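The values are calculated or read from the model by the stated rules, or taken from the named source; none is laboratory data. As the structure is a computational prediction, the values presented were derived from the model and not from experiment. Neighbour counts are summed over all protein chains in view; Cβ atoms, including those assigned to glycine, are modelled from backbone coordinates with ideal geometry.
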Amino acid sequence: MEVNYFPAFYVSASKEQLPDLFFCTFAVYMSINSSNRKSLGALFEQYREPFILFARSYVKDIPTAEDIYMDAFMSYWEKRNELPEETNIPAYILTSIKNKALNFMRNQQTRNTIQEEITEHTQRELAFRISTLEACHPNDLFSSEIKLIVQKTLQELPEQTRKIFLKSRKEAKSNKEIASELGISSKTVEFHLTKALKLFRARLKDYLPFLALIIRIYC
């Protein structure tokens with residue numbers, strides 16, 4: 001029996017968003033054969049959460065971040081047959097997300113300038129987000145070097161710290177759940193997570209603005 005991945009696209013959409021999302025993707029979806037639908041759904045779900053969170057960290061709005069991810073993903077899928085075979089697909093999609101997020105923030109910056117109602121602090125903060133994202137090179141984030149650094153850092157962690165860190169980041173368990181499972185206090189869990197993140201920040205100091213994304217991808 002065919003697994004229908006199409007409804008999964010709309011899990012986080014509001015009722016107001018559903019019609020627009022449906023009509024902009026339905027034609028593409030129906031043109032895909034059964035096996036490719038499975039590939040489409042699997043790829044979509046694999047990067048959905050980390051890429052939406054990445055976009056949200058810049059545009060500061062979940063619905064906008066979800067729209068950006070949807071647009072970037074469908075843009076890739078429509079152009080996939082035109083891309084070189086060696087194309088790094090996640091990096092391609094992330095580059096598209098980066099460009100769409102930059103366009104959104106630059107438009108926001110222009111609107112704020114016209115309105116002249118924005119504070120100096122907010123202007124600086126928005127300019128910083130734009131410059132940080134401009135410095136992001138998605139192909140670098142998917143390099144073998146980054147992956148190796150993450151793997152080595154995980155191995156450097158004490159066994160208990162590594163176990164707690166992976167339960168938190170890979171299994172998405174709360175501090176309370178981890179504490180209950182391991183028979184330790186929530187404060188102890190917090191201590192180990194802080195210890196792990198401190199080491200990751202040191203090892204990935206050149207990629208600090210993208211640390212959360214890198215950890216979600218490789219851990």
Exercise. Considering (1) assigned to a helix (DSSP H, G or I); (2) at pLDDT 75 or above, say which one ASN36 fails and leave the rest.
Key: (2)
Quiz prompt | Filter result for ILE93 (surrounded by 15 or more Cβ atoms within 10 Å (Cβ to Cβ), under 18 Å from SER39 (Cβ atoms) and not aromatic (Phe, Trp, Tyr)) | solution = yes
Quiz item: Hey, PHE104 hits all of (1) crowded, with 17+ Cβ neighbours inside 10 Å; (2) at pLDDT below 85; (3) not acidic (Asp, Glu) but one; which does it fall short on?
Solution: (2)
Practice problem: Can you tell me which residue within the range 116-128, out of those that are exposed (fewer than 11 other Cβ atoms within 10 Å of the Cβ) and not in a helix (DSSP H, G or I), is modelled with the highest pLDDT? | Solution: THR119
Quiz item: Of all the residues that make up the range 141-158, how many are touching a residue at least 24 places away in the same chain (Cβ under 8 Å) and closer than 24 Å to ALA91 by Cβ?
Solution: 10
Practice problem: Only one of these is touching a residue at least 24 places away in the same chain (Cβ under 8 Å), farther than 20 Å from PRO209 by Cβ and of a type in the set (D, E, K, R): LYS170, LYS163, LYS98, LYS79. Name it. | Solution: LYS170
Quiz item: Which of the residues belonging to the range 129-172 are part of a loop (DSSP other than H, G, I, E, B) and within 18 Å of the chain's Cα centre (by Cα)?
Solution: ALA135, CYS136, HIS137, PHE142, SER143, LYS170, GLU171, ALA172
